[in-house]
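Take a look at the structure below.
The values are calculated or read from the model by the stated rules, or taken from the named source; none is laboratory data. Just so it is clear, the model here is predicted, and its values are computed rather than measured. Backbone-built Cβ (ideal geometry, glycine too); neighbour counts: all protein chains shown.
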Amino acid sequence: MSGDGLQAALREAVGAAELLSGAVIEPRYHTDLRGQPRPRPAFVVRPASTDEVAAVLRAAQRFATPVTTQGGRTGVVGGADAEAHGIVLSLERMNRILDLDPASMTMTLEAGCILQTAQEQAESQGLLLPLDLGARGSATVGGNIATNAGGVRVLRWGMMRDMVLGLEAVLADGTILSGLRKIIKDNAGYDLKQLLIGSEGTLGVVTKAVLRLRPMPTSTQTALVAVPRFAHAITLLRRLEGALAGTLSSFEVMWDDFYTLTTTVNAAKQSAPLPPGAPFYVLAEAMGAEPERDAARFESVLADALADGLGTDAVIAQSEAERQRLWAVREDLNAPMARLWPLFAFDVSVPVAEMEAFVDEAKACVGIIFPDSRFVTYGHIGDGNLHLMVGVGRADADAHHAVDTAIFKTVRHFNGSISAEHGIGTAKRDYIGYSRTPAELALMKTIKTAMDPAGILNPGKLLPA
Ligand SMILES: Cc1cc2nc3c(=O)[nH]c(=O)nc-3n(C[C@H](O)[C@H](O)[C@H](O)COP(=O)(O)OP(=O)(O)OC[C@H]3O[C@@H](n4cnc5c(N)ncnc54)[C@H](O)[C@@H]3O)c2cc1C
């Protein structure tokens, strides 16, 4: 079959104006987050409907051509990188919110809708779409679904998997799997939508979703607490969970290396909310429905915790601007990370009780190979999710492999996961065996082959060859 034949079929699928090829393809379709070039695909298609997506996949299957689905391209594991001879299927034109149903507390939308747009639309109706993450302004809901995104409120509302009630997706052969249901309880056989959630574009293209919304909290309390020991951070977490009647929404922990780096590098923008020097810093946030009582309760629970020695110092945000300043310490990472570059980034999970031991062992393992290595550590401790930034002064493939192996062996030792929320993509594909047994991997391959026998959907991602 000729390239001309494929081009004609794609043109028929989406129309000439939405089929790009050659030099017309803008760098944003083949550049990573740091602006580094990635393979340029042969074609970019920008369908406007599910039927057009189906026509693209039928053409790709007929001409045995790989398809990489792209949302906002904020993924950090190479999952949206194109194949040089392949097709990029961009969902950017399928970005409409189709229905907001306050009675059912659901939102039905197209997969290319930007997360922040969906959040704001829900908010305009007094409702909350709980998923929230630093890339909210560019990431799409389809990408969030395909990576089963987590973020800063998993502790209370779960991951994307917990927010998707219904899904529409197109399978490799162009079959439209239509399951846009607004129901919470549905035990009618296998839960197919859950198979697609977190599948990183390897089993189908998500085209629409029904998301579960929640009542919008009317009060938010946010505090930064200096904590003397990691065990105290866990005690503080459990105490806040219990005493705040289920309203604790975020509980982020920053090791002193992280806090010192971000507050030093960003010092020109704002001063550190608490002095550096404590071993750990906790950013805790509760969202409730009784503003005055919530604030008083939050303050008194925190005061008791400090009196009991769980924290040595604390600051509570008194306004939205102060709240944003506290969150900036945790989320304003561009300049700090640039300072640490080159670095290798990890997103792992281990049991909460063993997080500190894990970090110590990971540092020791990397330190044997690179005695001058530098760690910067933070995480969503309530979820057992740690982000490690490791700098060893080099970025070559040998160093990367050595650090990856040291970290992932430690993850295996603690029976954790090599990917807490970012996914596998190409970055961790060859290490997935550190988190999955041979039997689990064999079943994943069986599923992949059954759903995509020609292997056109995002080949080379998630599963090793
Ligand atoms: C500053 C920053 C902060 C972040 N914070 C978090 C965080 O806290 N938690 C977290 O989980 N992630 C986080 N991420 C990672 C990233 O934002 C998420 O993975 C996001 O969900 C990806 O969405 P996207 O639209 O950008 O997807 P892309 O990057 O475009 O794609 C990601 C993967 O999903 C596939 N895909 C995309 N759309 C579809 C679709 N419609 N159908 C099928 N497959 C599809 C792609 O093929 C690829 O494999 C962060 C990233 C950045 C840059």
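Details
- Residue match in the stretch 383-403 (condition: basic (Lys, Arg) and crowded, with 18+ Cβ neighbours inside 10 Å): no
- Restricting the stretch 323-345 to residues that are without any contact (Cβ under 8 Å) to a residue 60 or more places away in the chain and more than 16 Å from the ligand (Cβ to nearest atom), the residue that is surrounded by the fewest Cβ atoms within 10 Å (Cβ to Cβ): 342
- Near pairs, Cβ below 7 angstrom, 6+ apart or cross-chain, from the stretch 177-194 (free of Cβ contacts under 8 Å to residues at least 40 places away in the same chain) to any residue that is in a loop (DSSP other than H, G, I, E, B): 177/171; 177/204
- Of all the residues in the stretch 19-39, those that are more than 16 Å from the ligand (Cβ to nearest atom) and assigned to a helix (DSSP H, G or I) number 3.
- Answer from 53, 76 - the residue that is touching a residue at least 24 places away in the same chain (Cβ under 8 Å) and not in a loop (DSSP other than H, G, I, E, B): 53
- Just one of (1) more than 16 Å from the ligand (Cβ to nearest atom); (2) in contact with an Asp or Glu (Cβ under 7 Å, 6 or more places away or on another chain) fails for residue 218. It is (2).
- Filter result for residue 420 (more than 16 Å from the ligand (Cβ to nearest atom), at pLDDT 95 or above, buried (at least 17 other Cβ atoms within 10 Å of the Cβ) and of a type in the set (A, V, I, L, M)): no
- Within the stretch 2-44, if we keep just the residues that are surrounded by fewer than 14 Cβ atoms within 10 Å (Cβ to Cβ) and at positive phi, the residue that is modelled with the highest pLDDT turns out to be 22.
- Tally of residues being more than 16 Å from residue 262 (Cβ to Cβ) and in a strand (DSSP E or B) across the stretch 387-400: 1
- The strands (runs of 3 or more DSSP E) falling completely within the stretch 211-328 that include 3 or more residues that are of a type in the set (Ser, Thr, Tyr) map to 219-227.
- The residue that is farthest from the ligand (Cβ to nearest atom), among those in the stretch 62-100 that are among the small types (Gly, Ala, Ser) and farther than 25 Å from residue 120 by Cα, is 64.
- Hits in the stretch 436-463 - residues which are within 16 Å of the ligand (Cβ to nearest atom) and out of contact with any Leu (no Cβ under 8 Å at 6 or more places or on another chain): 455, 458, 459, 460, 461, 462
- Of the candidates 459, 453, 464, the single residue that is without any contact (Cβ under 8 Å) to a residue 60 or more places away in the chain, farther than 26 Å from residue 158 by Cα and part of a loop (DSSP other than H, G, I, E, B) is 464.
- Test for residue 243: is it in contact with a Ser or Thr (Cβ under 8 Å, 6 or more places away or on another chain) and at pLDDT 95 or above: no
- The residues of the stretch 45-75 that are surrounded by fewer than 24 Cβ atoms within 10 Å (Cβ to Cβ) and more than 18 Å from residue 146 (Cβ to Cβ), listed by number, are 48, 49, 51, 52, 55, 58, 61, 62, 63, 64, 65.
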